[in-house]
Amino acid sequence: MKELIKTNLGLLFISIITVIYLFFVLGITDLNEYHALKLNEKGDFLAGAFSPLAFLWLVYGYLQQGQELKLNTKALEMQVTELEKSVQSQKDMYNLAKTQYEELIAEKTELAKPKLLLKAHNYLGTQTSQGAYDYRFQVKVENLQIPLINLRITSSFWDINLAGEKIVSNHREIKGLNLDTSKIIDLRLHRDATNVTPFKGETLKFNFENHDGKVYEIEYKIEKNSLGDIVLRHIQPATLNQPS
């Protein structure tokens, strides 16, 4: 009720003034003289008597229109603000969806890449009666992701064989292997009767294909750390090569 009165206070004020003014006009008007006037004189009288009211209501209408214009402007500003919020919300949702999509694609791309885990163990270096040295150690190769087809392993220095097979000298390559996901192979690396000091940057290289026929290459450097442990350091990630 209070809000209704507050909203229509101007109209109420104008209405009260109008009623008071009408009573005032009636109070000072002699009706007998009014009836005795000619028709055009009556018109002049009424025009003069009610012109202040007409002007008052004209001013009120103008002010009312200004108030309504302000309200409409405020409503439009609120709509613009809500629209801006809606647009920003849509942008945020789009950016979130885009980020999630890119993360999903990156995750799938990463999972589609080959990934190997290499760990050296059982290192042994002995001197022969001729003063040369025999070096031997094993490398456990675990396939962590996609199956590897036509795997070829080549060494720049070490002779390599699969563990459990006969040791063959001057054998720097193993090929034709297939390594499924979560499978492990054990390599035996050796160099017999040599005067060359190893662990000076020798490499072990893996070439293979995936099920789509894409050819990859991964390269490791074989080093020995300060504790005397053999470490295979990743020097070339899984690069995609064209089939030869």
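For region 48-102, report the translational diffusion coefficient in µm²/s to the nearest whole number, using Stokes-Einstein at 4 °C, 1.567 mPa s, and a Kirkwood Rh over Cα pairs.
Numbers: Rh = 14.9 Å.
Estimated diffusion coefficient is 87 µm²/s.
Under 14 Å from a label point set 7 Å out along the Cα-to-Cβ vector of Ser89, the amide N atoms of region 49-79 belong to 79. Please give the helix 9-28 orientation as an angle from the longest Cα principal axis of the chain, in degrees from 0 to 90, rounded to the nearest 10. So the helix axis and the longest Cα principal axis differ by about 10 degrees. I need the Kirkwood Rh of the chain: take the reciprocal of the average 1/r across all distinct C-alpha pairs and report it in angstrom. Here the Kirkwood hydrodynamic radius works out to 27.3 Å.
Between Ile167 and His234, what is 0.36 nm times their sequence separation minus the Cα-Cα distance? Round to one decimal in nm.
Values: separation 67, 0.36 × 67 = 24.12 nm, distance 2.63 nm.
Between Ile167 and His234, full extension yields 21.5 nm more.
Calculate, in nm to one decimal, what Leu227 and Lys214 gain on full extension: separation in residues at 0.36 nm each, minus their alpha carbon distance.
Full extension of this stretch gives 0.8 nm more.
Here region 39-78 is treated as a Stokes sphere of Kirkwood radius computed over C-alpha pairs; at 20 °C and 1.002 mPa s its diffusion coefficient rounds to 176 µm²/s.
Percentage of Cα-Cα pair distances in region 142-244 greater than 17 Å, rounded to whole percent?
Numbers: 2970 of 5253 pairs.
Considering region 142-244, 57 percent of its Cα-Cα pairs are separated by more than 17 Å.
Legend: calculated FRET efficiency, Thr197 to Leu177, from the Cβ-Cβ distance at R0 = 35 Å, rounded to 0.05, equals 0.70. For the chain, the longest principal axis of the C-alpha atoms and the axis of helix 39-111 are separated by about 10°.
Cross-linked pairs Lys119/Lys200; Lys85/Lys108; Lys166/Lys214; Lys115/Lys175: Cα-Cα separations exceed 24 Å for Lys85/Lys108; Lys166/Lys214.
Treat every Asp and Glu Cβ in the chain as -1 and every Lys and Arg Cβ as +1, leave all other atoms uncharged, and give the resulting dipole magnitude about the Cα centre to the nearest 20 debye.
Numbers: 28 positive and 29 negative charges, 219 e Å.
Using only the charged Cβ atoms, the result is roughly 1060 debye.
Between Leu111 and Ala54, the contour length at 0.36 nm per residue exceeds the alpha carbon distance by 12.1 nm.
No lab work stands behind these numbers, since they all come straight from the coordinates. Owing to the predicted nature of the structure, the values given are computational and were not obtained by experimental measurement. Cβ atoms come from the backbone with ideal geometry, glycine included; neighbour counts cover every protein chain shown.
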